[in-house]
Amino acid sequence: MTDTRTPTTATVSVPVVRTPAPLRVLEKYALPLLTVLVFVFFSFFSLSAASFPTLNNITVILGSQAVVALVAIAALFPLVAGYFDFSLGANAAMTQVMTAGLMSAYSVPLPVAIVISLALGVLVGVVNGYFVTRLHMSPFVTTLGMSMLLAGLMAWFTGGRTFVSGIDPAIILFGSTRLLGVPLVFYITLAVGLVAWYFFSHTPFGRSLYAIGSNATAAKLVGLPVTKNVWWSFIVAGSIAGLAGVLQLARVGSATASDGGLILFPALAAVFLGATTIRPGFFNVWGTIIGAVFVSVSVSGLALSGASGWASNVFNGAALLAAVALSTYLGRSQRRG
């Protein structure tokens with residue numbers, strides 16, 4: 001089938017014209033600065049000033065965005081190699097529902113329920129990777145189809161129910177635990193981000209994904225195991241998405257069937273926003289986490305300002321479009337130098 005791999009912003013080439021150093025610095029840190037400005041704006045905006053700059057709201061922002069940031073980090077692995085995975089949100093939703101459902105409906109112990117759910121998350125990555133790398137199916141169609149399949153299976157599994165009882169209180173206690181006033185799940189996201197940063201920056205495997213995303217043919221010619229590494233990128237992404245689903249259950253204490261879109265699209269917006277900062281023109285871990293915080297701060301500010309429910313969807317969609325446009329522009333700028 002026709003290879004429809006997504007052109008990555010990581011593609012670079014020979015510099016031709018250099019951007020002035022002050023502009024490069026501004027470009028590198030524009031998103032963190034914008035995040036601070038948005039936070040300050042909503043802190044003094046009359047409609048949100050009373051509730052936005054509170055410790056409780058900051059804790060909610062960090063806690064709620066931890067799961068989205070995890071899915072965004074998961075999305076980085078295939079994206080750096082030049083492939084989309086649209087099933088990550090559904091994968092996270094599946095592990096959330098499976099962990100809750102196994103405990104609630106079948107009285108499965110918590111550790112066993114988590115292991116089974118995480119194994120299913122990994123299996124989704126294995127299947128996606130097999131279809132894309134071995135059968136050469138379009139990653140867009142493959143992962144979108146997988147997302148719909150998982151959503152349908154979860155609707156069948158739940159039978160329309162929301163699992164709220166029979167869930168081990170230990171996982172809910174874990175989700176509500178705070179360390180230094182910050183939810184524990186946020187530290188877990190930072191830890192995963194640190195491991196992902198080390199992987200991409202300091203391991204041959206991580207750097208090989210950037211090389212594959214830049215030019216898969218050239219990477220193959222120099223001896224990189226392109227097929228194997230791309231397949232593993234889907235497996236790692238599925239594993240992290242599975243972990244995100246378990247943490248989501250810990251945070252909310254219940255689970256119901258969904259297509260995962262509420263997690264996926266903010267995560268994609270964070271990933272592409274992240275490609276505009278820290279390492280402009282490249283998908284990168286810390287930029288992704290900053291992008292996730294920016295999206296969360298903005299959506300929280302809009303909500304506390306009294307914006308209607310549709311405003312968050314409009315913002316996420318607009319942020320995603322703007323981020324894709326900016327990252328594409330920066331990718332081209334990197335190629336021009």
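The values are calculated or read from the model by the stated rules, or taken from the named source; none is laboratory data. Predicted model, so just to flag it, every value in this text is computed and none were measured. Ideal geometry is used to build each Cβ from the backbone, glycine not excepted, and the neighbour counts take in all protein chains shown. Just so you know, the surface numbers come from the protein's heavy atoms only, side chains and all, with ligands and any DNA or RNA stripped out. Shrake-Rupley method; radii C 1.70, N 1.55, O 1.52, S 1.80 Å.
Conditions tested, residue by residue: (1) under 22 Å from TYR29 (Cβ atoms); (2) surrounded by fewer than 22 Cβ atoms within 10 Å (Cβ to Cβ).
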site	(1), (2)
ALA244	no, no
VAL252	no, yes
ALA257	no, no
LEU264	no, no
GLY309	no, yes
SER312	no, yes
LEU326	yes, yes
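Quick one: which residue in GLY175, GLY145, GLY82, GLY121 is in a helix (DSSP H, G or I), within 23 Å of GLY274 (Cβ to Cβ) and under 22 Å from the mean Cα position of the chain (by Cα)?
Only one candidate qualifies: GLY121.
I'd like to check something: does the range 103-114 contain any residue that is modelled with pLDDT of 95 or more, within 16 Å of ALA267 (Cβ to Cβ) and outside any loop (DSSP other than H, G, I, E, B)?
Taking every residue of the range 103-114 in turn, none turns out to be modelled with pLDDT of 95 or more, within 16 Å of ALA267 (Cβ to Cβ) and outside any loop (DSSP other than H, G, I, E, B).
Suppose we keep only residues that are more than 26 Å from the chain's Cα centre (by Cα) and either of a type outside the set (Phe, Trp, Tyr) or on the phi > 0 side of the Ramachandran plot (or both) within the range 99-118. Which one would you say is surrounded by the fewest Cβ atoms within 10 Å (Cβ to Cβ)?
SER107
Across the range 283-316, what is the number of residues that are in a helix (DSSP H, G or I) and farther than 30 Å from ALA211 by Cβ?
Applying the first criterion (in a helix (DSSP H, G or I)) to the range 283-316 yields 285-304, 310-316.
Okay, now just the ones that are also farther than 30 Å from ALA211 by Cβ, so 296-304, 310-316.
Qualifying residue count for the region: 16.
Condition first: open to solvent by 70 Å² or more (accessible area, probe 1.4 Å) and assigned to a helix (DSSP H, G or I). Now tell me which residues in the range 124-142 satisfy that.
Selection gives TYR130, ARG134, PHE140, VAL141.
Kindly indicate whether TRP231 is open to solvent by 40 Å² or more (accessible area, probe 1.4 Å) and in contact with a Gly (Cβ under 7 Å, 6 or more places away or on another chain).
Values: open to solvent by 40 Å² or more (accessible area, probe 1.4 Å): yes; in contact with a Gly (Cβ under 7 Å, 6 or more places away or on another chain): yes.
Yes; evaluated as a whole, the condition is true for this residue.
I need a count of the residues in the range 152-162 that are crowded, with 18+ Cβ neighbours inside 10 Å and either of a type in the set (Lys, Arg) or under 16 Å from GLY242 (Cβ atoms) (or both). Full working, then the answer.
Step one: filter the range 152-162 for residues crowded, with 18+ Cβ neighbours inside 10 Å, giving 154, 158.
From the residues that got through so far, the ones that are either of a type in the set (Lys, Arg) or under 16 Å from GLY242 (Cβ atoms) (or both) too are 154.
Residues meeting the conditions: 1.
Considering only residues of the range 62-79 that are open to solvent by less than 10 Å² (accessible area, probe 1.4 Å) and over 28 Å from ALA219 (Cβ atoms), which is nearest to the chain's Cα centre (by Cα)?
In this case the residue turns out to be ALA69.
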